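Visitor: One structure follows; several queries about it will come next.
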Amino acid sequence: MDKKNFILFEEKFSKLDEIHYFKAPARINIIGEHVDYLGGLVLPAAIDFYVEILVQKNHSNKFRFYSVQYKEEFETIELIHQKNKQWTNYILGVISEFEKLNHKVSGLDILIDGNIPQGSGLSSSAALEVVVGFAIKEIFNFNVSLEKIALIGQSAENNFVGTKCGIMDQYIIANGKKDKCLLLNTATLEKTYHELELENFEFYLINSNVKHSLHDSDYNLRREECESALKKIKDKQPTLQNLYELDEVPDYLNETETKRVRHVVGEKKRTQAILGYFRNKSLEQAASILYEAHDSLSNLFEVSCGEIDFLIEELKKVNVSGARMIGGGFGGCILVLDQKGNKEKIIKDLKQCYLEKFSLVLEIYSFQISEGVTKVLQGLI
Ligand code: GLA
């Protein structure tokens, strides 16, 4: 947290109580994309980009927020959706979910800053939901688990923001562990942590800088298409709970549903394959699964975009071992798994040709796998 923010906090709100400092990380997802609302397995990890907040109780019924990135202030006494200040809905939504659980949240002042690139598929919004949920739990001493904080964040996003996201982002951001990825069964919330031994390989991110907004995108539509497929299948197989339980694609779905279900069935196979390759340290094969996953996300689930597809093809041409879009899609970041040392060789040319073709600046991020949400300091100043 930039030191200036502590001064800014006092300027905006005055010191009325102890000031606390919390942060929540961004996330990557190695495999299992668009299956976390279909009961699938996902393999995310928290990474060291953060949303950071300073918070105090203000001993009133007011909620007052200041966003350093937007340079915007906001004040309300009501928990209602804000059309023109979308960023406030992530916070108001979380407070409203606590209230539904009969956890009364009184007035708070919150300053928000951070370095997670927004609209880039790294879950800056889930990080905001989780950090606010965690701060509320700590400040009001609510007996709420990290898992529950993740569920509160997801409900806030589903009910208040309006994106019908799954549980993956909030879950990993709340439960991430340093140097470990999390294998999460989104049907049961059973989880195991795994250290990835990458040998002479590395993960890194390429930001296409095509901004997506999950809210405006076809994300909810994809979910509806999957639900309609599930409904048809359940008519014939009533015991089926989730699309992810399927191993074959039924032949009575319409064309769109068939494509979506082909992605889900394929992603399940790819997940088993990549886990095996990581176990055997077959990194080259593991990486190639990422290309297969991208192909499916682009052609079957149709959540990629021209700029990202172009970059993936360019990466293949220069023999990068594997890459795919991550997150909701329609823009944002590509996750690359490649031999160490290659990145430096290919990036300059890639940046140049991307700029020429799309007039967009490509950004590269290296990262460390980090802890989930944390309290950095309590009772500051
Ligand atoms: C977004 C959603 C997640 C998940 C991914 C796609 O990040 O928030 O719940 O569905 O897209 O895997």
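Visitor: Would you mind estimating how fast the chain diffuses translationally, via Stokes-Einstein at 4 °C and 1.567 mPa s with the Kirkwood radius over Cα pairs, in µm²/s?
Guide: 60 µm²/s
Visitor: Give the percent of DSSP beta bridges with both residues in the chain that are antiparallel, rounded to the nearest 5. If you can, show how the numbers build up before the last one.
Guide: On the way: 48 of 53 bridges.
Rounded to the nearest five, the antiparallel share is 90 percent.
Visitor: Suppose every K and R has +1 on its Cβ and every D and E has -1 on its Cβ; what is the size of the dipole of the chain about the Cα centre, in Debye to the nearest 20?
Guide: Using Cβ point charges on Lys, Arg, Asp and Glu, the chain gives about 400 debye.
Visitor: Still on this structure: Mind checking the angle between helix 219-236 and the chain's longest principal axis? C-alpha axes, 0 to 90 degrees, to the nearest 10.
Guide: Roughly 60 degrees between the two axes.
Visitor: Which of 173, 47, 274 ends up with the largest GNM mean-square fluctuation for the chain, with Cα atoms connected below 10 Å?
Guide: 274
Visitor: Nearest 10 degrees is fine. How inclined is helix 124-139 to the longest principal axis of the chain, computing both from alpha carbons?
Guide: Long axis of 124-139 versus the principal axis of the chain: about 40 degrees.
Visitor: Just going by the charge dipole of the chain, with Lys and Arg at +1 and Asp and Glu at -1 on Cβ, which of 14, 276, 192 is farthest out on the positive end?
Guide: The residue sitting farthest along the positive end of the dipole is 14.
Visitor: Place a +1 charge on the Cβ of each Lys and Arg in the range 201-365 and a -1 charge on the Cβ of each Asp and Glu, then give the dipole magnitude about the Cα centre in debye, rounded to the nearest 20.
Guide: 460 debye
Visitor: Could you point to the residue in 339, 322, 76 farthest towards the positive end of the chain's charge dipole, with +1 and -1 charges on the Cβ of Lys/Arg and Asp/Glu respectively?
Guide: With unit charges placed on the Cβ atoms, the residue in question is 76.
Visitor: So if R0 is 51 Å, what FRET efficiency would residue 224 and residue 104 give, r being the distance between their Cβ atoms, rounded to the nearest 0.05?
Guide: Approximately 0.90, to the nearest 0.05.
Visitor: Still on this model: If each DSSP helix of 4+ residues adds -39,500 (n - 2.57) and the sum is divided by the residues in the chain, what number results at 222 nm, nearest 500 deg cm²/dmol?
Guide: -13000 deg cm²/dmol
Visitor: What list of ³J(HN,Hα) values in whole Hz, one per residue of the range 312-319 in order, does the Karplus curve 6.51 cos²θ - 1.76 cosθ + 1.60 (θ = phi - 60°) give from phi, with Gly and Pro shown as x?
Guide: My calculation for the range 312-319 gives 4, 5, 5, 5, 5, 4, 9, 6 Hz in order.
Visitor: GNM on the chain, C-alpha springs below 10 Å: top fluctuator among 114, 162, 153?
Guide: 162
Visitor: Between the alpha-carbon centers of the range 160-226 and the range 81-135, tell me the distance in whole angstrom.
Guide: Between the Cα centres of the range 160-226 and the range 81-135 lies a distance of 18 Å.
Visitor: Which one of 60, 118, 50 is farthest out on the positive end of the charge dipole of the range 21-133, using unit charges on Cβ (Lys, Arg +1; Asp, Glu -1) and the Cα centre as origin?
Guide: 60
Visitor: Is the range 201-365 rounded, prolate or oblate when judged by the Cα gyration tensor, a ≥ b ≥ c being the square roots of its eigenvalues, rounded requiring a/c under 1.5 and prolate requiring a/b larger than b/c?
Guide: Numbers: a/c = 2.92, a/b = 1.58, b/c = 1.85.
Cα axes put the range 201-365 in the oblate bin.
Visitor: How would you rank 312, 7, 167, going from fewest to most other Cβ atoms within 10 Å of each one's own Cβ?
Guide: Ascending number of Cβ neighbours within 10 Å: 7, 167, 312.
No value in this document is a laboratory result; all are computed from the given coordinates. All figures in this text were calculated on a predicted structure; none of them were measured in a lab. Note that each Cβ is placed from the backbone with ideal geometry, even for glycine, and that neighbours are counted across all protein chains shown.
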